[in-house]
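Okay, so here's the structure we're looking at.
The values are calculated or read from the model by the stated rules, or taken from the named source; none is laboratory data. Remember, predicted model here, so these are calculated numbers, not experimental data. Note: ideal-geometry Cβ built from the backbone for every residue, glycine included; neighbour counts use all protein chains shown.
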Amino acid sequence: MENNKIIAKEYFEQAERYYNNAKETLKKVKITYRTYDDSKYVSEACGTVYLAMLKALDGYLILQGVEKEKLPDTYQGYVSALKRKLAHNGKIKSALTEVYQNLHVYGYYREGVSVGMIKLGLESAKFIINYFSKSAE
């Protein structure tokens with residue numbers, strides 16, 4: 001179990017690094033009338049933050065005994081794994097949905113540029129990263 005804790009901490013550190021890198025990417029983009037002016041950087045940042053959240057989820061699942069080779073590889077897989085491994089937590093479920101919809105679908109795939117939606121997704125991702133990172137302490 002101690003080995004799982006070491007591996008999980010690495011995942012949480014990566015999650016934090018990815019998140020910070022994405023925030024730096026967003027700083028490159030000018031905002032006009034509550035929209036980002038360059039969808040390329042926004043899309044890149046959104047994809048990176050989504051990956052950061054997945055790293056945090058992976059870290060948590062590893063702490064719960066899931067082997068690295070058996071980590072989920074789809075959004076629905078993560079949702080199912082969390083239902084099995086985490087007592088019902090409405091805040092986590094809501095945050096997960098916000099990150100998936102606002103950042104992964106809207107920001108990354110659809111190249112959405114609404115500052116409000118992106119910021120809400122970022123806040124939710126940070127909440128998830130912090131929540132699960134604390135489980136390794």
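Just to be sure before I move on: is SER94 touching a helix residue (DSSP H, G or I) at 6+ places or on another chain (Cβ under 9 Å), farther than 19 Å from GLN14 by Cβ and surrounded by 14 or more Cβ atoms within 10 Å (Cβ to Cβ) in the structure I sent?
Taking the combined requirement at face value, the residue does not satisfy it.
I'm checking my understanding of the structure. Among residues of the stretch 40-85 that are acidic (Asp, Glu) and in a helix (DSSP H, G or I), which one is surrounded by the most Cβ atoms within 10 Å (Cβ to Cβ)?
Across the stretch 40-85, the extreme among qualifying residues is ASP58.
For residues that are touching a Lys or Arg at 6+ places or on another chain (Cβ under 8 Å) and not aliphatic (A, V, I, L, M), tally how many sit in the stretch 4-49.
Summing the residues that are touching a Lys or Arg at 6+ places or on another chain (Cβ under 8 Å) and not aliphatic (A, V, I, L, M) in the stretch 4-49 gives 9.
Output the residues belonging to the stretch 13-34 that are touching a strand residue (DSSP E or B) at 6+ places or on another chain (Cβ under 9 Å) and surrounded by fewer than 17 Cβ atoms within 10 Å (Cβ to Cβ).
Answer for the stretch 13-34, where residues must be touching a strand residue (DSSP E or B) at 6+ places or on another chain (Cβ under 9 Å) and surrounded by fewer than 17 Cβ atoms within 10 Å (Cβ to Cβ): LYS30, ARG34.
Considering only residues that are without any contact (Cβ under 8 Å) to a residue 40 or more places away in the chain and either closer than 25 Å to PHE132 by Cβ or in contact with a strand residue (DSSP E or B) (Cβ under 7 Å, 6 or more places away or on another chain) (or both), which ones fall in the stretch 35-53?
Scanning the stretch 35-53 gives GLU44, THR48, LEU51.
Filter the stretch 103-137 down to residues that are aromatic (Phe, Trp, Tyr) and within 20 Å of SER39 (Cβ to Cβ) and give me whichever is surrounded by the most Cβ atoms within 10 Å (Cβ to Cβ).
TYR108
ARG84 versus (1) modelled with pLDDT under 95; (2) basic (Lys, Arg); (3) touching a helix residue (DSSP H, G or I) at 6+ places or on another chain (Cβ under 8 Å): which is the lone unmet condition?
Answer for ARG84: the failing condition is (3).
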